[in-house]
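Worksheet: the structure to be examined is printed underneath.
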Amino acid sequence: MSRLREIFPFLQGGTASLSEGQEFSGAARALSKTRMLAFSGGSFAAAGWPAKNLHTDAAKAREAGLQAPIASGIQCEGDIVRLLIERFGDACFMDLALQEARQGMAQGNKPVGAIIVLRAEVIGRGWNTVESERDPTNHAEIVAIRDACRKLNSANLERATLYSAMEPCPMCLWAIHSAGISQLVLGGRHAAMKRADMGDYSVEKLLELMRQKLDIVTGVRTQECEAMR
């Protein structure tokens with residue numbers, strides 16, 4: 001959660017120890033309202049805001065007079081994390097990948113960055129260091145995978161998500177597959193940029209050729225990612 005607090009300042013506060021259904025008031029209730037406004041995407045009657053931690057349970061929300069199961073904002077390791085990812089996560093984590101890309105570009109490398117996330121925590125990060133370290137295998141995705149594996153002391157990154165500012169090349173896609181990464185979130189795409197050096201390649205086509213499956217999310221910060229190239 002430490003990284004999420006950096007991204008979402010309104011997660012700050014001393015209410016994380018409240019359990020589901022526990023009553024709260026004063027500052028805790030005010031903080032919950034602030035988070036509620038940020039997460040809900042809609043309005044609600046402040047006077048009717050409940051004084052209990054509701055999590056995102058639909059039945060509890062209806063009992064409290066709310067129209068949808070939306071987070072009170074108190075919980076930190078369960079539903080609130082999933083809601084953050086659904087509402088804000090992909091774009092915000094791609095922003096972190098873009099930050100990595102800018103660092104690589106500042107060192108004379110291609111502007112590609114990658115972030116690996118597991119249970120809403122950044123466990124790996126990297127930017128392209130091919131030129132600065134004179135290593136043709138040091139693509140951003142490879143650097144991030146190495147970083148994550150070192151931190152976890154494991155070569156298995158199952159259930160992790162990799163965010164890449166640019167569609168991974170065949171080498172990186174195979175490394176993603178070998179590491180057991182479950183989801184790939186893409187910014188820029190080779191075809192959209194009309195890259196002749198990549199021919200007809202796409203991650204989907206290579207996965208089909210390998211008869212492998214990978215959950216792929218596209219269209220996240222695409223304009224910003226492609227503008228860096």
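Since every read-out is calculated from the coordinates, none of them should be taken as a lab result. This one's a predicted model, so the numbers in the text were calculated from it and none came from an experiment. Cβ: placed from backbone, ideal geometry, glycine included. Neighbour counts: every protein chain shown.
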Relative packing of 140-147, 105-112, which averages over residues the other C-beta atoms within 10 Å, highest first: 140-147, 105-112
Give the Cα extents of segment 126-229 along the principal axes, in whole Å, largest first. 39, 35, 23
Ranked highest first by average number of other Cβ atoms within 10 Å, how do 150-162, 203-215 line up? 150-162, 203-215
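Mind checking the full-extension length gain between W174 and S154? Use 0.36 nm per residue of separation minus the Cα-Cα distance, one decimal, nm. Mind dumping the intermediate values first?
Numbers: separation 20, 0.36 × 20 = 7.20 nm, distance 1.74 nm.
Here the answer is 5.5 nm.
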How large is the direction-averaged shadow of the alpha-carbon convex hull of segment 114-163, in nm²? 3.2
Karplus-derived 3J(HN,Hα) from phi for segment 174-181 (6.51 cos²θ - 1.76 cosθ + 1.60, θ = phi - 60°), whole Hz, x at Gly and Pro, runs 5, 5, 4, 5, 5, 6, x, 4
